[in-house]
Amino acid sequence: MFAAGQTVSNTGTWMQRIAQDWLVLQLTGSTTALGVTTGLQFLPMLLFGLWGGVIADRYRKRVLLIGTQTVMGLLAAVMAVLVLSGAVEVWHVWLLAFGLGLATAVDNPARQSFVIEMVGRKDLANAVSLNSANFQLARIVGPAVGGLLITAIGTGWVFALNAVSYIAVLLGLLAMREAELRTMPVVPREKGQLREGLRYVRGRPDLLVAIALVGFIGTFGFNFAVTLAGFSNNVFHAGPGSFGLLNTVFAVGSLAGALLAAKRGRTRLRVLVGAAIVFGLLETAAAFMPGYWSFALLLVPIGIAGLTFNTAANSTVQLGSDPAMRGRVMGIYMLVFMGGTPLGGPLIGWLAESFGPRVGLFAGGLISLIAALTVGALLARHSGIRLRPRAMVRALRPAAATAPTTAPATAPTAAASPTVPTTPAGAGVTATRSGFGNPAVKI
């Protein structure tokens, strides 16, 4: 029921994303304004993302999701009325984008931590991958359909269709039998819960590594809403249909990455860092592609590497978190992943407008690559392992020859293993508090 509702709603969301980007370009003709729009949509995550994680721990995840999804549907309906009436101005788009970001600040940590309540710890990594595949499937259909509908009926009706799509996810949530969920006990309201979450993450180097890398790549590498629009409009001089196609091609690669990650069914920090390095390399290379089709084709492996990185990071953080802290940890995770966009989006947009979209894309890829190499060097130094090129390539392929590694039934604490145990050659290195402290995650 969750997957069915999310498929419909996510398709509508991607249709709206294309319509919103194209509407801003029509109203202003500025990629900087497009970057501001993206930044405002993610600014609430930067300001209130930590509190969203606290709220996710204090209340039932399913109830929270019903509320946030209702608010998002109403915001889409308001946008549709403004566009269809001809009264829309760019500040309307900015204001509603900020409102959507406020709802998202609560929705994201609740939705991310709700996955484990549906499937349990054993299947979490696989469920995260399949949930990502669901999202990317919608990303394939949504931009393509959105680009066609913008041309056929206009942006206003695309917003209206997205508003209607939220009914599907609400029906799915309302139809769930809560007794069949692995509902986590809510945390009583107390003072200092936000600081408690920050202290918890600070004391877990394995979580810090994953979250820091997610922050850099989320802030500078995943600004495709800005860069793809700039390439389509200013480099290749294509229309909205071609812009939608670029998003679809990128989503095809992301869907392939999600399916490979689901088949792999386990999480390792080595996979996380290897995928990040490959993503940075490919993104910098894409900036120099001479034609529309060569650029579009390179988006496929970029999508595979990016989604492999996202899935590995999400699973690593969730499996490594204590259940009572998971909402707050995911709030921090989403804060650095999405909250950095208000900084990265306008910056990449300004670079794209001032020096060309190629410079903007290259800068984002280069920063992502440097961050991944730095984290890889720290990981090798503290864990005594090396990241080899072959390992980086294998990170993007399912580990079919090895049985999936699952976490123990009870989440171990960072202090549970004071020393690094010796492992057989090729068996992976189990991290500890003294280095990278999550015994459930292999390097």
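The values are calculated or read from the model by the stated rules, or taken from the named source; none is laboratory data. As the structure is a prediction and not an experimental result, all values here were calculated from the model. FYI the Cβ positions are ideal-geometry reconstructions off the backbone, even for glycines, and counts take in every protein chain you see.
Quick rundown of the values:
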read-out	value
Subset of the stretch 344-370 [modelled with pLDDT under 90, within 19 Å of the chain's Cα centre (by Cα) and surrounded by fewer than 23 Cβ atoms within 10 Å (Cβ to Cβ)]	PRO346
Any chance ALA87 is surrounded by fewer than 22 Cβ atoms within 10 Å (Cβ to Cβ) and touching a residue at least 40 places away in the same chain (Cβ under 8 Å)	no
Criterion violated by PHE114 - all others in (1) over 24 Å from VAL63 (Cα atoms); (2) assigned to a helix (DSSP H, G or I) satisfied	(1)
Condition met for ASP123 (of a type in the set (D, E, K, R) and buried (at least 19 other Cβ atoms within 10 Å of the Cβ))	no
First in the stretch 369-386 and over 11 Å from LEU213 (Cβ atoms), second anywhere and modelled with pLDDT of 90 or more, Cβ under 7 Å, 6 or more apart	LEU369/ILE277; LEU369/GLY280; LEU369/LEU281; LEU369/THR284
Residue match in the stretch 62-74 (condition: more than 22 Å from the chain's Cα centre (by Cα), surrounded by fewer than 23 Cβ atoms within 10 Å (Cβ to Cβ) and either aliphatic (A, V, I, L, M) or at pLDDT below 90 (or both))	yes
Flag if LEU272 is over 21 Å from ILE348 (Cα atoms), modelled with pLDDT of 80 or more and crowded, with 20+ Cβ neighbours inside 10 Å	yes
Lone qualifier among LEU84, LEU34, LEU46 - being at pLDDT 90 or above and farther than 15 Å from GLN112 by Cα	LEU84
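Condition check ((1) among the polar types (S, T, N, Q); (2) touching a Cys at 6+ places or on another chain (Cβ under 6 Å); (3) in a helix (DSSP H, G or I)) across all residues:
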site	(1), (2), (3)
VAL273	no, no, yes
PHE279	no, no, yes
THR284	yes, no, yes
PHE288	no, no, no
SER294	yes, no, yes
ILE302	no, no, yes
GLY306	no, no, yes
ASN310	yes, no, yes
VAL317	no, no, yes
